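Novice: Sharing a structure here in structure tokens format.
The values are calculated or read from the model by the stated rules, or taken from the named source; none is laboratory data. Quick caveat: nothing in here was measured; it's all calculated off a predicted structure. So basically every Cβ, Gly included, is an ideal-geometry build from the backbone, and we count neighbours across all protein chains shown.
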């Protein structure tokens, strides 16, 4: 009995040591220093996919997804395609009832105009088109999307809007809810070919590297580096999840804020500034020999 207890105790010690070693303490301190005096709550999760080392700051806390929910919606769509319930190239018919106020591309369509599901999916991710995303959520089914998330180990990430039984969560978090760690893990799952199927994962990853909105985290990464990402913003929250195919090894990070006192949408909003700062910090931390800097005057061309 004593020998058995000793073995169990030894295993627990080893497990705790492995957990401690998985945290990049230096990087955690660097990122924590960027959060000082931020007026709001910040969640950060970083993982170096080559070394396995991580940074976690409120990484398991609940945050609003804003447009980050469009990645789970995409997974739900591809899950229904793999089941044979949808076809990636099927023709859809736009109706004026789908219109959402804003500058979305889909909203400029005429009633009765045809468009392929694949193009609606492209608009949802690439330009973050809200009308396209809500249409896809309706087509795939909110419950199907949430079931896929639950069946794939995502405990907290869920669609709330237009989803039966999620009314209270919608009131608190809006369109969707997630954690920084789960959202980063979802991108890892897609990158590794483990989301729905290898073919579906590859198609989704290609969609995620064609992002129109590149003025925040992406602006701090060289344009010749492939990056998969999705961005989100509502009044009191700014968010971005990014997986960088860096020369010395892939890394992923997710930064989400909530309860921000500054709800402006200009370039200097503290949430947007934080996204750029952490992205730049990570790029130079993982690629210390890089001498790249954003070109002078680039700001007038960023989206």
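Novice: In this structure, does residue 224 turn out to be without any contact (Cβ under 8 Å) to a residue 60 or more places away in the chain and outside any loop (DSSP other than H, G, I, E, B)?
Specialist: no
Novice: I need a count of the residues in the stretch 247-286 that are outside any helix (DSSP H, G or I) and either without any contact (Cβ under 8 Å) to a residue 40 or more places away in the chain or touching a strand residue (DSSP E or B) at 6+ places or on another chain (Cβ under 9 Å) (or both).
Specialist: 18
Novice: Might you let me know whether the stretch 75-86 holds any residue that is more than 22 Å from the chain's Cα centre (by Cα), in a loop (DSSP other than H, G, I, E, B) and touching a residue at least 12 places away in the same chain (Cβ under 8 Å)?
Specialist: Within the stretch 75-86, one or more residues are more than 22 Å from the chain's Cα centre (by Cα), in a loop (DSSP other than H, G, I, E, B) and touching a residue at least 12 places away in the same chain (Cβ under 8 Å).
Novice: Going by the structure shown, is residue 210 touching a strand residue (DSSP E or B) at 6+ places or on another chain (Cβ under 8 Å) and either in the same structural domain as residue 301 (by TED's automatic domain parsing) or over 18 Å from residue 278 (Cβ atoms) (or both)?
Specialist: no
Novice: Inside the stretch 162-177, can you point out the residues that are in a loop (DSSP other than H, G, I, E, B) and either surrounded by 17 or more Cβ atoms within 10 Å (Cβ to Cβ) or not assigned by TED's automatic domain parsing to the domain that holds residue 81 (or both)?
Specialist: 163, 166, 174, 175
Novice: Considering only residues that are at pLDDT below 95, buried (at least 18 other Cβ atoms within 10 Å of the Cβ) and assigned to a helix (DSSP H, G or I), which ones fall in the stretch 99-129?
Specialist: Listed by number, the list holds a single entry, 106.
Novice: Can you name the number of the only condition in (1) out of contact with any helix residue (DSSP H, G or I) (no Cβ under 8 Å at 6 or more places or on another chain); (2) crowded, with 19+ Cβ neighbours inside 10 Å; (3) assigned to a loop (DSSP other than H, G, I, E, B) that residue 184 fails?
Specialist: Tallying (1) out of contact with any helix residue (DSSP H, G or I) (no Cβ under 8 Å at 6 or more places or on another chain); (2) crowded, with 19+ Cβ neighbours inside 10 Å; (3) assigned to a loop (DSSP other than H, G, I, E, B), residue 184 fails exactly one: (3).
Novice: Collect the residues in the stretch 35-60 that are crowded, with 17+ Cβ neighbours inside 10 Å and either not in a strand (DSSP E or B) or not assigned by TED's automatic domain parsing to the domain that holds residue 280 (or both), keeping them in residue-number order.
Specialist: Within the stretch 35-60, 35, 40, 49, 53, 58, 59 qualify.
Residue-wise test of (1) under 18 Å from residue 136 (Cα atoms); (2) over 14 Å from the mean Cα position of the chain (by Cα).
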{"residue": "174", "(1), (2)": "yes, yes"}
{"residue": "187", "(1), (2)": "no, no"}
{"residue": "201", "(1), (2)": "yes, yes"}
{"residue": "224", "(1), (2)": "no, yes"}
{"residue": "230", "(1), (2)": "yes, no"}
